[in-house]
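Below is one structure, written out as structure tokens; comments come after it.
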Number of protein chains: 2
Amino acid sequence: MTHWEDFYNTHLPPTDFEDNRSLLKEFCERHNKLKNRIVLVTSGGTTIPLEHNTVRFVDNFSAGTRGSSSAEYFLDHNYAVIFMYRQKSLEPFTRHFTGQQFFDMLDITDNGQSTTITVKPDSVDVFAPILAKYKHARESQMILYMSFTSVVDYMWLLRATCECLTAFEDRAVLYLAAAVSDFYIPQDKMPTHKIQSGEGPPTISLQLVPKMLAPLVNLWVPHAYVVSFKLETDENLLIAKARDSLSKYKHKLVIANILQTRKHRVVFVTPTTSYEVHLSREQSLQGLEIEEPIVADVVLKHSEFININFNTDQRQRGSVVASK
Amino acid sequence: MTHWEDFYNTHLPPTDFEDNRSLLKEFCERHNKLKNRIVLVTSGGTTIPLEHNTVRFVDNFSAGTRGSSSAEYFLDHNYAVIFMYRQKSLEPFTRHFTGQQFFDMLDITDNGQSTTITVKPDSVDVFAPILAKYKHARESQMILYMSFTSVVDYMWLLRATCECLTAFEDRAVLYLAAAVSDFYIPQDKMPTHKIQSGEGPPTISLQLVPKMLAPLVNLWVPHAYVVSFKLETDENLLIAKARDSLSKYKHKLVIANILQTRKHRVVFVTPTTSYEVHLSREQSLQGLEIEEPIVADVVLKHSEFININFNTDQRQRGSVVASK
């Protein structure tokens with residue numbers, strides 16, 4: 001495995017990196033002044049290019065459902081949201097409609113002089129509250145969108161975001177829902193041109209991506225509330241792997257889920273507890289999303305975490321005074 | 001390389017295959033009765049799953065721009081269009097707007113009693129003609145959407161479509177713009193569960209996908225006008241590879257393009273000629289799309305092809321009569 005510092009030393013930042021860094025800085029400074037809570041939600045999969053002129057890449061399955069819906073619920077809890085998502089994956093609010101669904105909701109009327117386009121009355125009931133929330137989030141500048149494609153883009157954005165979040169101390173949550181590739185092909189092992197099929201089937205040799213959770217928890221945002229996700233297809237491995245992760249990286253919470261049941265069941269694993277959050281059949285049928293109770297629970301745990309820190313601070317201050 | 005028949009024998013069709021086949025049959029029978037011309041436009045990339053419970057896959061880069069825009073222009077030329085596209089890739093008409101662009105075009109007004117949502121007047125000019133064309137194509141049932149994800153889904157849909165198109169004889173165009181993977185992992189070499197990173201970086205051994213253009217041209221739609229695409233990153237290989245393809249598969253036209261310049265320049269390669277179709281700088285700046293002249297040229301060539309067949313038929317009939 002490459003050391004994390006070597007990874008940044010050998011892979012250039014994406015071309016729009018400095019622009020994104022300015023946006024991040026402005027967004028964070030504003031919300032930090034307001035003493036707001038803030039969450040970084042990462043969402044969607046990352047790609048590993050197989051060639052420099054990228055025609056082929058390895059991808060991680062992730063539509064971005066978990067991240068994009070969670071971002072909406074964090075906004076409901078008055079968190080400022082940095083939504084860091086894979087380009088073309090689902091986004092908060094717009095995720096509720098595909099392109100064709102939009103077009104089919106619309107009526108055109110032409111009275112000879114002017115054309116108007118309106119949303120059909122029977123679609124307004126569903127659409128209006130979503131559109132209103134979107135407009136509110138944009139106008140109050142409570143959400144910042146940042147997109148990535150490759151695992152390298154992701155890593156650069158992640159570190160830059162942490163550099164801005166560290167000032168929030170325990171008011172920051174990192175909700176790392178993106179499906180980040182474990183493997184990559186180092187720059188110097190990548191062919192320049194498209195691999196030719198005439199040369200026979202290629203064998204792709206991958207290398208392990210350094211686990212950024214280690215420097216993230218220990219160095220970049222040591223006071224933040226960090227939540228990671230574990231997706232497995234094998235139930236037997238799930239809890240054990242979540243515990244391994246917690247004891248290795250020392251963060252606060254792993255939300256563990258199985259690919260096939262992830263839409264209605266997850267397991268919250270902390271260093272001392274593990275419990276299920278799930279939707280009943282009725283709740284699923286009513287259209288409730290599991291991200292609503294997931295985010296509510298994370299927010300609750302985050303509040304407890306801030307209170308514990310506050311009490312510890314008070315006690316330490318108290319004891320300092322007492323010992324004078 | 002696997003033989004094409006073995007590929008179908010060892011890979012199951014996608015779960016929605018029979019539904020799609022019924023839709024295809026109905027669509028084709030209707031348009032064949034009307035003696036319409038028809039085009040199959042394939043669009044977007046295919047995936048190769050790396051595991052049975054798919055978490056990771058190899059993907060081909062393709063947003064679906066070429067296919068989705070070409071489908072619109074074929075509709076302008078009164079072709080019935082089967083739009084066979086990678087799920088989540090760009091689609092005709094809706095491709096012009098992202099989700100956020102839609103939301104930002106809309107105004108909500110609430111007069112206390114009812115809520116209305118309208119498209120802002122300054123967006124209507126751009127949006128109305130696109131929406132009108134979309135509605136016309138849907139209402140006149142000139143377009144059928146079929147989606148795929150993996151290379152296996154694609155192969156099954158491609159053959160089923162050809163089975164329906166063969167009745168159109170030379171009135172059918174196959175415009176194969178999808179970026180189909182050259183490689184895949186056979187079912188029996190695929191692990192059931194997610195590859196574990198603890199086991200060290202995996203080595204992925206790929207196999208060549210059989211070239212379906214061979215049975216397609218020779219057996220499935222022997223009378224159709226078949227157009228394939230070649231995308232390369234190396235200019236030096238481009239024309240030679242296009243010629244190789246034509247002499248191997250005996251179809252009518254290869255549209256060759258370089259990844260970096262594909263938005264404003266392609267080369268039409270036929271068995272006897274090769275010439276460039278490109279946009280000038282002014283045309284690009286005016287927002288003209290290269291797919292407009294590409295499709296116009298393909299339609300022209302298709303008409304010539306039908307006329308030649310017609311004349312040959314007439315001559316043969318004439319000579320049969322003469323020899324009686």
Aspartates and glutamates with Cα under 20 Å of A:Lys241, excluding same-chain neighbours fewer than 8 positions away: A:Asp182, A:Glu232, A:Glu276, B:Glu51, B:Glu199
Exam field: A:Leu219 pseudo-label spacings to other copies (7 Å along Cα-Cβ), nanometres: 5.9
R0 of 25 Å, Cβ-Cβ distance B:Ser114-A:Gln260: FRET efficiency to nearest 0.05: 0.05
Cysteines in the protein assembly as shown that, by Cβ-Cβ distance, have no pairing candidate under 4.7 Å: A:Cys162, B:Cys162
Across the identical copies, how the B:Gln113 labels are spaced - nm, sorted shortest first, 7 Å along Cα→Cβ: 2.4
For segment B:111-198: rounded, prolate or oblate by the Cα gyration tensor [a/c cutoff 1.5]: oblate
Most to least packed among A:41-47, A:115-121, B:289-295 [average Cβ atoms within 10 Å]: A:41-47, B:289-295, A:115-121
Beta bridges by DSSP in the protein assembly as shown, antiparallel share as percent, to the nearest 5: 45 percent
Å² of accessible area per residue within segment B:199-321, as computed with a 1.4 Å probe and no ligands counted: 52 Å²
Pairs from A:Lys133/A:Lys230; B:Lys88/B:Lys252; A:Lys189/B:Lys189; A:Lys35/A:Lys230; A:Lys120/B:Lys135; A:Lys25/A:Lys230 whose Cα-Cα separation, in the structure shown, is over 22 Å: A:Lys133/A:Lys230; B:Lys88/B:Lys252; A:Lys189/B:Lys189; A:Lys35/A:Lys230; A:Lys25/A:Lys230
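Taking the Cα centre of chain A as origin, sum charge times position over the Cβ atoms of Lys and Arg (+1) and Asp and Glu (-1), and report the length of that vector in debye to the nearest 20. Mind dumping the intermediate values first?
On the way: 34 positive and 37 negative charges, 213 e Å.
It comes to approximately 1020 debye.
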Overall form of segment B:50-142 per C-alpha gyration tensor (a/c, 1.5; a/b vs b/c): oblate
Copies compared at B:Thr270 - label distances in nm, ascending, label defined 7 Å from Cα in the Cβ direction: 7.4
Antiparallel DSSP beta bridges within segment A:11-127, as percent of all bridges there, nearest 5: 55 percent
For chain A, convex hull volume per residue from C-alpha positions, Å³: 207 Å³
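Taking the Cα centre of the protein assembly as shown as origin, sum charge times position over the Cβ atoms of Lys and Arg (+1) and Asp and Glu (-1), and report the length of that vector in debye to the nearest 20.
Details: 68 positive and 74 negative charges, 111 e Å.
Result for the protein assembly as shown is approximately 540 debye, rounded to the nearest 20.
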Among A:Asn111, B:Phe74, A:Gln101 - extreme Cα towards positive end, dipole of the protein assembly as shown, charges at beta-carbon: B:Phe74
Alpha-carbon centroid distance for the pair segment B:213-252 / segment A:230-288, whole angstrom: 49 Å
Cα gyration tensor category, rounded, prolate or oblate, for segment A:1-97 with a/c compared to 1.5: oblate
DSSP beta bridge pairing in segment B:217-291, given as percent antiparallel to the nearest 5: 55 percent
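The values are calculated or read from the model by the stated rules, or taken from the named source; none is laboratory data. Being a predicted model, the structure only gives us computed values, none of them experimental. Neighbour counts run over all protein chains shown; Cβ positions are idealised from the backbone, glycine included. Please note that ligands, DNA and RNA were not included when accessible areas were found on the heavy atoms of the full protein model with its side chains. Shrake-Rupley method; radii C 1.70, N 1.55, O 1.52, S 1.80 Å.
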